[in-house]
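Beneath this line is the structure, given in structure tokens, with notes to follow.
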Amino acid sequence: MLSNTHHLLPFDQAWQFDETSLTFSSSLPSAPTELPSPETAGAVNETSKARFILNRLFQDYSGSFAVRLWNGSMLYIGNDTPAFTFCLEQASVLRDMVFFSDPARLAEAYFAGEVQILGDFNAAMQLRYYFESLSLPLHEKLGLVFKALTLADNQTDVAETDQHTVATNSLQKNESPAFTLDYDLPSAFYRLWLDERMLHSCAFFSNASQDLAQAQHNQLDLICLKLHLQHGDRLLDVSGSWGGLAYWAAKNYGAFVHTLVHNPEQCAHVSAEIKKHGLEKLVTVGLGRYDSLSDFACYDKAVNIDVCGQVGEQNLPAYLAKIHQVLKPGGLLLHHAITTESPGRQHELSTEFINRQIFADGPLTSLSHFREQMHAAKLEVFNVEGLRRHQALTLRRWLAKMEQSHQEITQIVGERTYRIWRLYMTACAIQFEQGVTGTHQILAVRTT
């Protein structure tokens, strides 16, 4: 019987399977041919080394994909039709795949253009999970390292290769390429993939086929109803985004809204929208975060729904203490909490990308810890709704619009930023779909 072992084969040769010897043999003519040039021989040698390394690295990979090397050679991993093509533009990327098991290094190579992904990008993201669990015996890893050291970028000489290796090895294993998600981008960037109200928050879908605009409409009404928003209520919005909730609450529920934003462009945008909608008497905007608020208890309700407004674990006590201070006794808080759903080692591996690279304010926390911190801040939780599936659908809608607007986005923020956001959204969508990360809408009341 044939095993399920993956075979890495060149696309540009015709192969036949010999059932007697259980080996692969070429069907190309055996007649003498001209000796290859040194350049051709070098490329064949590089391809052979890469084939050996990749065959071992992906020996246990369950999927199928193609690999295009820096010299143009095409290789194949798996037994089925390739779901995507993984293009290695430089040999240094393959060396890093051997030296380190941190998927963030592959992410950085993608951001830098050293890796291209053709085909199913979502399927390619599964490589991240594979590398997180990859563990080679020391003797095998040393053998692969030896081969990887002899790879040269685009036929560069050995001295240059050795110089790159020294630089690579100078990095500590626990160090990762520095990249964070930049939220302070022009409004033109967000307009290309958010809904018309510029809501950068989880929508609420009545069904999976509902369009994003209607789903965001649903969420805004749900938030206002949960807060029992009444005409004349003073509402504090600390979401820090583009003002969509503030206009909605003021226009449709008659609330007086003070909304906080994080950067001057958001402030200018919200100010313009306030004037456009004739809401100058109902909506005010401030530049800053929750810690810029005074301690005076003057708000009936408070809300935080924006992705950018994620409060990290280390800042949670200070954030909740401030909300308690500015709410009147009996005042309500509605907070969208992005939480980790996987404890222990699984949590460490599965949420590392989001914790380390996306939320600069600190790692995600669990729902139980969030509730404990609310209790300590004298905010009594009386309603919690899980929105994980809604968050995944929202991300998929954003991602589709972003990919459709690839060219326009790169003209505004550049290719690297586009790639960071694309990978971030795909990684987050997968984690919400798998139940590794969750979103909870938490409603609490100030008790004293």
Worksheet item: Under a point spin-label approximation (7 Å from Cα along Cα-to-Cβ), what is the N79-S368 distance to one decimal in nm?
Response: 4.2 nm
Practice prompt. Obtain the radius of gyration and the Kirkwood radius of region 44-97 from its C-alpha atoms and give Rg over Rh.
Written response: 0.93
Practice prompt. Along Cα→Cβ, 7 Å out, is where each label goes; now give me the distance between the ones at K328 and K275 in nm to one decimal.
Written response: 3.2 nm
Worksheet entry | Relative packing of peptides 301-307, 381-387 - highest average C-beta neighbours within 10 Å first | 301-307, 381-387
Worksheet item: Which peptide among 186-192, 246-252 comes first, and what is the full order, when sorted by highest mean count of other Cβ atoms within 10 Å?
Response: 246-252, 186-192
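Roughly to the nearest percent, how much of the accessible area of region 405-448 is carbon and sulfur, given a 1.4 Å probe?
Carbon plus sulfur share of accessible area: 45 percent.
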Worksheet item: Between S292 and D120, what is the label-to-label distance in nm when each label sits 7 Å out along the Cα-to-Cβ direction?
Response: 4.6 nm
Response to the item:
Of the accessible area of region 220-298, computed with a 1.4 Å probe and all protein chains kept, carbon and sulfur make up a percent value of 57 percent
Item to complete: Over 18 Å, how big is the tail of the calculated P(r) for region 96-143, in percent of all Cα pairs?
Response: 35 percent
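The values are calculated or read from the model by the stated rules, or taken from the named source; none is laboratory data. Source: prediction; values computed, not measured. All Cβ positions, even for glycine, are placed from backbone atoms using ideal geometry, and neighbour counts span all protein chains on display. Heads up: the accessible areas ignore ligands, DNA and RNA and are worked out on the full protein's heavy atoms, side chains in. Shrake-Rupley method; radii C 1.70, N 1.55, O 1.52, S 1.80 Å.
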